[in-house]
1. Just the residues that are among the aliphatic types (A, V, I, L, M), within 12 Å of the ligand (Cβ to nearest atom) and within 11 Å of the chain's Cα centre (by Cα), please, taken from the stretch 44-62.
2. I need the full set of residues from the stretch 10-24 which are loosely packed, with under 12 Cβ neighbours inside 10 Å and more than 10 Å from the ligand (Cβ to nearest atom), in order please.
3. If GLN58 satisfies every condition in (1) touching a His at 6+ places or on another chain (Cβ under 9 Å); (2) of a type outside the set (Ser, Thr, Tyr); (3) modelled with pLDDT under 95 but one, which is the exception?
4. Can you name the residue in the stretch 24-43 that is within 15 Å of ARG57 (Cα to Cα) and part of a loop (DSSP other than H, G, I, E, B) and, of all such residues, is nearest to the chain's Cα centre (by Cα)?
Amino acid sequence: MDDLIPRDAPFSLVCIHCDAGMEIGSYEEALAQSWTEVSYAPDLPMANFIGLCPACRQEEGP
Ligand SMILES: [Zn+2]
């Protein structure tokens with residue numbers, strides 16, 4: 001997956017289901033805070049990456 005992420009892309013993250021993620025500063029930080037499915041989303045209007053935040057992941061279940 002890292003191959004798809006341009007190294008010069010500024011990291012900004014938003015959750016698929018809610019508006020969490022603006023406080024996450026890096027891909028590694030997102031993983032450390034239990035975000036999943038983090039992927040590069042160049043077409044997104046408000047962030048360069050999209051993922052599933054820990055709160056929404058718990059609602060969805062395993
Ligand atoms: Zn969420």
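The values are calculated or read from the model by the stated rules, or taken from the named source; none is laboratory data. This is a predicted model, so every value here is computed, not measured. Positions of Cβ are backbone-derived with ideal geometry, glycine not excepted, and every protein chain shown enters the neighbour counts.
1. Passing the criteria: ILE50, LEU52.
2. PRO10, GLU23
3. (1)
4. TRP35
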